[in-house]
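Reading through the C-alpha coordinates given below for one structure.
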Amino acid sequence: MKKGKKIYEGKAKIIYATTDKNLAIQYFKDDATAFNNQKKTTIEGKGVLNNRISEYILSNLSQIGIKNHLVKRLNMREQVIKLVEIIPIEFIIRNVATGSITKRLGIEDGTVLKEPLIEYCLKDDALGDPLISEEHINAFEWANKKEIEKIKKIILRINDFMIGMFRGINIKLIDFKLEFGRLKVNGKNEIILADEISPDTCRLWDSMTDKKLDKDRFRKDLGDLIPAYTEVAKRLGILHEQSNISAVNVTKLSSIKKRK
Ligand code: TMP
(Lines give C-alpha, C1' and ligand atoms only; values in the text may rest on other atoms or scores of the structure.)
Protein backbone atom coordinates (compact mmCIF):
# COMPACT_ATOMS: atom_id res chain seq x y z
CA MET A 1 0.00 0.00 0.00
CA LYS A 2 1.44 3.38 -1.08
CA LYS A 3 0.40 6.94 -0.22
CA GLY A 4 -1.40 8.66 -3.07
CA LYS A 5 -3.05 12.03 -3.72
CA LYS A 6 -4.59 14.34 -1.14
CA ILE A 7 -8.36 13.64 -1.06
CA TYR A 8 -9.41 16.13 1.60
CA GLU A 9 -7.83 18.74 3.83
CA GLY A 10 -9.62 19.84 6.99
CA LYS A 11 -8.54 22.26 9.69
CA ALA A 12 -6.49 19.74 11.69
CA LYS A 13 -6.02 16.74 9.39
CA ILE A 14 -5.33 15.71 5.80
CA ILE A 15 -6.67 12.56 4.16
CA TYR A 16 -4.59 10.90 1.42
CA ALA A 17 -5.71 8.17 -0.97
CA THR A 18 -3.65 4.98 -1.10
CA THR A 19 -3.11 2.30 -3.72
CA ASP A 20 -5.80 0.30 -1.88
CA LYS A 21 -9.13 1.92 -2.79
CA ASN A 22 -10.67 0.95 0.55
CA LEU A 23 -7.93 2.53 2.67
CA ALA A 24 -6.69 6.07 3.26
CA ILE A 25 -3.97 7.75 5.29
CA GLN A 26 -5.01 10.28 7.92
CA TYR A 27 -2.30 12.88 8.67
CA PHE A 28 -2.47 14.94 11.88
CA LYS A 29 -1.40 18.56 11.37
CA ASP A 30 -0.13 20.93 14.06
CA ASP A 31 -2.70 23.56 13.07
CA ALA A 32 -5.12 24.67 15.74
CA THR A 33 -8.31 26.55 14.95
CA ALA A 34 -11.23 27.69 17.05
CA PHE A 35 -14.59 29.38 16.56
CA ASN A 36 -14.79 28.10 13.01
CA ASN A 37 -11.38 29.23 11.85
CA GLN A 38 -11.67 32.79 13.26
CA LYS A 39 -8.72 32.02 15.49
CA LYS A 40 -5.81 29.96 14.23
CA THR A 41 -2.20 29.11 14.91
CA THR A 42 0.29 26.27 14.66
CA ILE A 43 1.30 24.41 17.80
CA GLU A 44 4.34 22.22 17.20
CA GLY A 45 3.85 18.68 18.41
CA LYS A 46 0.03 18.80 18.71
CA GLY A 47 -0.52 16.50 15.71
CA VAL A 48 1.87 13.90 17.12
CA LEU A 49 0.06 13.82 20.46
CA ASN A 50 -3.41 13.68 18.88
CA ASN A 51 -2.32 10.84 16.59
CA ARG A 52 -1.19 8.79 19.61
CA ILE A 53 -4.14 9.65 21.85
CA SER A 54 -6.72 9.01 19.12
CA GLU A 55 -5.04 5.70 18.23
CA TYR A 56 -5.20 4.66 21.89
CA ILE A 57 -8.88 5.56 22.35
CA LEU A 58 -10.08 4.09 19.03
CA SER A 59 -8.14 0.83 19.63
CA ASN A 60 -9.75 0.54 23.05
CA LEU A 61 -13.18 1.17 21.51
CA SER A 62 -12.49 -1.62 18.96
CA GLN A 63 -11.74 -3.96 21.83
CA ILE A 64 -15.21 -3.41 23.28
CA GLY A 65 -16.81 -4.00 19.89
CA ILE A 66 -17.27 -0.43 18.69
CA LYS A 67 -16.38 -0.52 15.02
CA ASN A 68 -14.27 2.37 13.78
CA HIS A 69 -12.13 3.43 10.86
CA LEU A 70 -8.70 2.94 12.47
CA VAL A 71 -6.59 0.21 10.90
CA LYS A 72 -3.21 1.06 12.42
CA ARG A 73 -0.91 3.92 13.27
CA LEU A 74 1.82 4.26 10.64
CA ASN A 75 4.21 6.75 12.21
CA MET A 76 4.30 9.85 14.43
CA ARG A 77 1.71 11.73 12.41
CA GLU A 78 -0.14 9.24 10.23
CA GLN A 79 -2.56 6.39 10.57
CA VAL A 80 -4.10 4.00 8.05
CA ILE A 81 -7.89 4.26 8.09
CA LYS A 82 -10.80 2.67 6.27
CA LEU A 83 -12.16 5.07 3.69
CA VAL A 84 -15.78 5.85 4.57
CA GLU A 85 -18.48 8.17 3.30
CA ILE A 86 -18.62 10.72 6.13
CA ILE A 87 -22.10 11.60 7.41
CA PRO A 88 -22.08 15.42 7.32
CA ILE A 89 -23.01 15.82 10.98
CA GLU A 90 -20.93 16.63 14.06
CA PHE A 91 -22.39 14.72 16.99
CA ILE A 92 -21.74 16.60 20.25
CA ILE A 93 -22.15 14.73 23.53
CA ARG A 94 -22.32 16.73 26.75
CA ASN A 95 -22.09 15.47 30.34
CA VAL A 96 -21.46 18.91 31.85
CA ALA A 97 -22.62 22.20 30.33
CA THR A 98 -19.80 24.47 29.19
CA GLY A 99 -18.75 26.15 25.94
CA SER A 100 -21.32 27.05 23.30
CA ILE A 101 -24.37 25.65 25.11
CA THR A 102 -23.88 27.94 28.11
CA LYS A 103 -23.88 30.99 25.85
CA ARG A 104 -26.67 29.75 23.58
CA LEU A 105 -29.10 28.81 26.36
CA GLY A 106 -27.85 30.87 29.32
CA ILE A 107 -26.96 27.75 31.33
CA GLU A 108 -24.49 28.18 34.17
CA ASP A 109 -21.00 26.98 33.27
CA GLY A 110 -20.21 23.64 34.93
CA THR A 111 -23.83 22.51 35.35
CA VAL A 112 -23.82 18.69 35.57
CA LEU A 113 -26.48 17.33 33.19
CA LYS A 114 -28.84 14.72 34.60
CA GLU A 115 -28.18 12.53 31.56
CA PRO A 116 -25.88 12.83 28.52
CA LEU A 117 -27.17 15.37 26.00
CA ILE A 118 -26.64 14.75 22.28
CA GLU A 119 -26.62 17.73 19.91
CA TYR A 120 -26.27 17.70 16.13
CA CYS A 121 -24.40 20.27 14.04
CA LEU A 122 -24.27 20.35 10.26
CA LYS A 123 -20.65 19.85 9.15
CA ASP A 124 -20.34 22.94 6.98
CA ASP A 125 -17.56 25.43 7.68
CA ALA A 126 -19.04 28.09 5.40
CA LEU A 127 -22.22 28.08 7.50
CA GLY A 128 -20.30 27.84 10.80
CA ASP A 129 -21.47 24.26 11.61
CA PRO A 130 -25.03 25.31 12.62
CA LEU A 131 -27.01 23.42 15.26
CA ILE A 132 -29.70 21.21 13.64
CA SER A 133 -32.44 18.88 14.88
CA GLU A 134 -33.23 15.25 14.05
CA GLU A 135 -36.08 16.61 11.93
CA HIS A 136 -33.59 18.58 9.80
CA ILE A 137 -31.43 15.46 9.40
CA ASN A 138 -34.50 13.57 8.24
CA ALA A 139 -35.91 16.32 6.02
CA PHE A 140 -32.66 16.87 4.13
CA GLU A 141 -31.67 13.20 4.15
CA TRP A 142 -28.25 13.74 5.76
CA ALA A 143 -28.86 10.37 7.44
CA ASN A 144 -31.89 8.13 7.75
CA LYS A 145 -33.87 7.45 10.95
CA LYS A 146 -32.39 3.97 11.38
CA GLU A 147 -28.86 5.33 11.08
CA ILE A 148 -29.52 8.04 13.68
CA GLU A 149 -31.03 5.53 16.13
CA LYS A 150 -28.00 3.28 15.66
CA ILE A 151 -25.56 6.18 16.07
CA LYS A 152 -27.30 7.35 19.28
CA LYS A 153 -26.87 3.88 20.80
CA ILE A 154 -23.18 3.77 19.79
CA ILE A 155 -22.63 7.30 21.17
CA LEU A 156 -24.01 6.37 24.60
CA ARG A 157 -21.75 3.30 24.76
CA ILE A 158 -18.73 5.38 23.74
CA ASN A 159 -19.63 7.99 26.36
CA ASP A 160 -19.98 5.37 29.13
CA PHE A 161 -16.68 3.79 28.17
CA MET A 162 -14.80 7.05 27.92
CA ILE A 163 -16.20 8.48 31.17
CA GLY A 164 -14.87 5.37 32.95
CA MET A 165 -11.55 5.38 31.12
CA PHE A 166 -10.89 9.03 31.99
CA ARG A 167 -12.25 8.72 35.53
CA GLY A 168 -9.59 6.05 36.12
CA ILE A 169 -6.88 8.62 35.39
CA ASN A 170 -8.52 11.45 37.34
CA ILE A 171 -9.97 13.29 34.38
CA LYS A 172 -13.61 14.37 33.93
CA LEU A 173 -15.03 13.91 30.42
CA ILE A 174 -17.07 17.10 30.09
CA ASP A 175 -18.09 16.88 26.42
CA PHE A 176 -16.81 15.70 23.05
CA LYS A 177 -17.50 15.55 19.32
CA LEU A 178 -17.83 12.44 17.16
CA GLU A 179 -18.18 11.81 13.44
CA PHE A 180 -19.49 8.68 11.77
CA GLY A 181 -19.19 7.25 8.27
CA ARG A 182 -20.80 4.67 6.01
CA LEU A 183 -18.78 1.67 4.96
CA LYS A 184 -19.98 -0.74 2.27
CA VAL A 185 -19.81 -4.30 3.62
CA ASN A 186 -21.16 -7.05 1.30
CA GLY A 187 -23.15 -4.42 -0.60
CA LYS A 188 -24.74 -3.03 2.58
CA ASN A 189 -23.96 0.23 4.39
CA GLU A 190 -22.53 -0.20 7.84
CA ILE A 191 -22.14 2.76 10.24
CA ILE A 192 -18.72 3.08 11.83
CA LEU A 193 -17.02 5.69 14.01
CA ALA A 194 -14.58 7.89 12.04
CA ASP A 195 -12.41 11.02 12.44
CA GLU A 196 -10.48 11.33 15.75
CA ILE A 197 -10.98 11.43 19.50
CA SER A 198 -8.37 13.62 21.14
CA PRO A 199 -8.01 16.67 23.39
CA ASP A 200 -8.85 18.70 20.24
CA THR A 201 -12.32 17.14 20.14
CA CYS A 202 -13.04 16.56 23.85
CA ARG A 203 -13.21 18.74 26.93
CA LEU A 204 -11.14 17.12 29.64
CA TRP A 205 -10.87 18.60 33.14
CA ASP A 206 -8.57 17.39 35.89
CA SER A 207 -10.85 15.75 38.50
CA MET A 208 -9.29 17.51 41.48
CA THR A 209 -8.55 20.99 40.16
CA ASP A 210 -10.82 21.36 37.06
CA LYS A 211 -7.68 22.35 35.14
CA LYS A 212 -8.43 22.28 31.41
CA LEU A 213 -6.42 19.59 29.62
CA ASP A 214 -7.87 20.19 26.14
CA LYS A 215 -8.17 22.65 23.25
CA ASP A 216 -9.84 25.21 25.53
CA ARG A 217 -6.23 26.08 26.47
CA PHE A 218 -5.98 27.54 22.95
CA ARG A 219 -9.61 28.72 22.60
CA LYS A 220 -9.39 30.68 25.87
CA ASP A 221 -5.71 31.68 25.63
CA LEU A 222 -4.80 29.69 28.74
CA GLY A 223 -1.40 28.68 27.28
CA ASP A 224 0.60 25.49 27.82
CA LEU A 225 -1.41 23.34 25.41
CA ILE A 226 1.39 20.85 24.71
CA PRO A 227 2.08 20.16 28.41
CA ALA A 228 -1.67 19.60 28.93
CA TYR A 229 -2.01 17.15 25.98
CA THR A 230 1.22 15.44 27.11
CA GLU A 231 -0.28 15.08 30.60
CA VAL A 232 -3.35 13.34 29.10
CA ALA A 233 -1.11 11.00 27.08
CA LYS A 234 1.05 10.21 30.11
CA ARG A 235 -1.94 9.48 32.32
CA LEU A 236 -3.33 7.18 29.63
CA GLY A 237 0.01 5.35 29.77
CA ILE A 238 0.90 6.19 26.17
CA LEU A 239 3.98 8.23 27.02
CA HIS A 240 5.91 6.69 29.86
CA GLU A 241 7.60 8.85 32.48
CA GLN A 242 10.80 6.84 32.13
CA SER A 243 10.96 7.32 28.35
CA ASN A 244 10.95 11.03 29.19
CA ILE A 245 9.14 12.13 26.06
CA SER A 246 8.60 15.76 26.90
CA ALA A 247 6.82 18.21 24.65
CA VAL A 248 10.20 19.27 23.32
CA ASN A 249 11.12 15.68 22.49
CA VAL A 250 7.75 15.08 20.83
CA THR A 251 8.44 18.08 18.63
CA LYS A 252 12.00 16.94 17.88
CA LEU A 253 10.89 13.41 17.04
CA SER A 254 8.19 14.67 14.73
CA SER A 255 10.56 16.96 12.85
CA ILE A 256 13.14 14.17 12.53
CA LYS A 257 10.40 12.00 11.01
CA LYS A 258 9.36 14.79 8.64
CA ARG A 259 12.92 15.34 7.38
CA LYS A 260 13.33 11.69 6.39
P1 TMP B 1 -18.84 23.62 21.84
O2 TMP B 1 -19.12 23.86 23.29
O3 TMP B 1 -17.92 24.65 21.24
O4 TMP B 1 -20.10 23.43 21.05
O5 TMP B 1 -18.04 22.23 21.75
C6 TMP B 1 -18.55 21.04 22.27
C7 TMP B 1 -17.50 19.93 22.15
O8 TMP B 1 -17.30 19.57 20.79
C9 TMP B 1 -16.12 20.31 22.66
O10 TMP B 1 -15.55 19.16 23.29
C11 TMP B 1 -15.32 20.64 21.43
C12 TMP B 1 -15.95 19.77 20.38
N13 TMP B 1 -15.98 20.40 19.08
C14 TMP B 1 -15.17 19.91 18.05
O15 TMP B 1 -14.44 18.95 18.24
N16 TMP B 1 -15.25 20.52 16.84
C17 TMP B 1 -16.04 21.56 16.57
O18 TMP B 1 -16.05 22.06 15.45
C19 TMP B 1 -16.86 22.07 17.65
C20 TMP B 1 -17.77 23.23 17.42
C21 TMP B 1 -16.79 21.46 18.86
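The values are calculated or read from the model by the stated rules, or taken from the named source; none is laboratory data. Keep in mind that what you see is a predicted model, and the values were worked out from it rather than measured. Every residue, glycine as well, gets a Cβ built from its backbone with ideal geometry; the counts of neighbours run over all protein chains shown.
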> Of the residues that sit in the range 208-221 and are in a loop (DSSP other than H, G, I, E, B) and surrounded by 13 or more Cβ atoms within 10 Å (Cβ to Cβ), which one is farthest from the ligand (Cβ to nearest atom)?
Replying inline: K211
>> Given the criteria among the polar types (S, T, N, Q) and either within 21 Å of F180 (Cα to Cα) or under 16 Å from the mean Cα position of the chain (by Cα) (or both), does S100 qualify?
In response: no
> Just a yes or no: is a residue in the range 182-193 crowded, with 22+ Cβ neighbours inside 10 Å and not aliphatic (A, V, I, L, M)?
Replying inline: no
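Filtering the range 1-58 down to residues that are among the β-branched types (V, I, T) and more than 26 Å from A233 (Cβ to Cβ), which residue is surrounded by the most Cβ atoms within 10 Å (Cβ to Cβ)?
Residues of the range 1-58 that are among the β-branched types (V, I, T), as a first pass: 7, 14-15, 18-19, 25, 33, 41-43, 48, 53, 57.
Checking the rest, the ones that are also more than 26 Å from A233 (Cβ to Cβ) come to 7, 18-19.
Values: I7: 13, T18: 18, T19: 9.
Going through the qualifying residues, I end up with T18.
Go over the candidates L70, L49, L58 one by one and state the one that is in contact with a helix residue (DSSP H, G or I) (Cβ under 8 Å, 6 or more places away or on another chain), within 16 Å of the ligand (Cβ to nearest atom) and modelled with pLDDT of 95 or more.
On the way: L70 fails: within 16 Å of the ligand (Cβ to nearest atom); L58 fails: in contact with a helix residue (DSSP H, G or I) (Cβ under 8 Å, 6 or more places away or on another chain).
Unique residue meeting the criteria: L49.
Please determine, by comparing only the residues of the range 59-75 that are in contact (Cβ under 8 Å) with a residue 60 or more places away in the chain and hydrophobic (A, V, I, L, M, F, W, C), which one is surrounded by the most Cβ atoms within 10 Å (Cβ to Cβ).
Selected residue: L61.
Filter the range 76-112 for residues that are away from the ligand (no atom under 12 Å from the Cβ) and surrounded by 14 or more Cβ atoms within 10 Å (Cβ to Cβ) and give the result.
Restricting attention to the range 76-112, the residues satisfying the condition of being away from the ligand (no atom under 12 Å from the Cβ) are 76-88, 106, 108, 110-112.
Those that are away from the ligand (no atom under 12 Å from the Cβ) and surrounded by 14 or more Cβ atoms within 10 Å (Cβ to Cβ): M76, R77, E78, Q79, V80, I81, K82, L83, V84, I86, I87, P88.
Please work out if I174 is under 19 Å from the mean Cα position of the chain (by Cα), part of a loop (DSSP other than H, G, I, E, B), surrounded by 22 or more Cβ atoms within 10 Å (Cβ to Cβ) and at pLDDT 95 or above.
On the way: under 19 Å from the mean Cα position of the chain (by Cα): yes; part of a loop (DSSP other than H, G, I, E, B): no; surrounded by 22 or more Cβ atoms within 10 Å (Cβ to Cβ): yes; at pLDDT 95 or above: yes.
It is false that I174 is under 19 Å from the mean Cα position of the chain (by Cα), part of a loop (DSSP other than H, G, I, E, B), surrounded by 22 or more Cβ atoms within 10 Å (Cβ to Cβ) and at pLDDT 95 or above.
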> Exactly one of (1) touching a strand residue (DSSP E or B) at 6+ places or on another chain (Cβ under 8 Å); (2) more than 15 Å from the ligand (Cβ to nearest atom); (3) over 23 Å from I154 (Cα atoms) is unmet by R182. Its number?
Replying inline: (3)
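Output the number of residues of the range 88-137 satisfying the condition of being without any contact (Cβ under 8 Å) to a residue 12 or more places away in the chain and charged (D, E, K, R).
Step one: filter the range 88-137 for residues without any contact (Cβ under 8 Å) to a residue 12 or more places away in the chain, giving 100, 102-103, 105-108, 114-115, 126-127, 130, 135.
Subsequent filtering for residues that are charged (D, E, K, R) retains 103, 108, 114-115, 135.
Within the range 88-137, residues that are without any contact (Cβ under 8 Å) to a residue 12 or more places away in the chain and charged (D, E, K, R) number 5.
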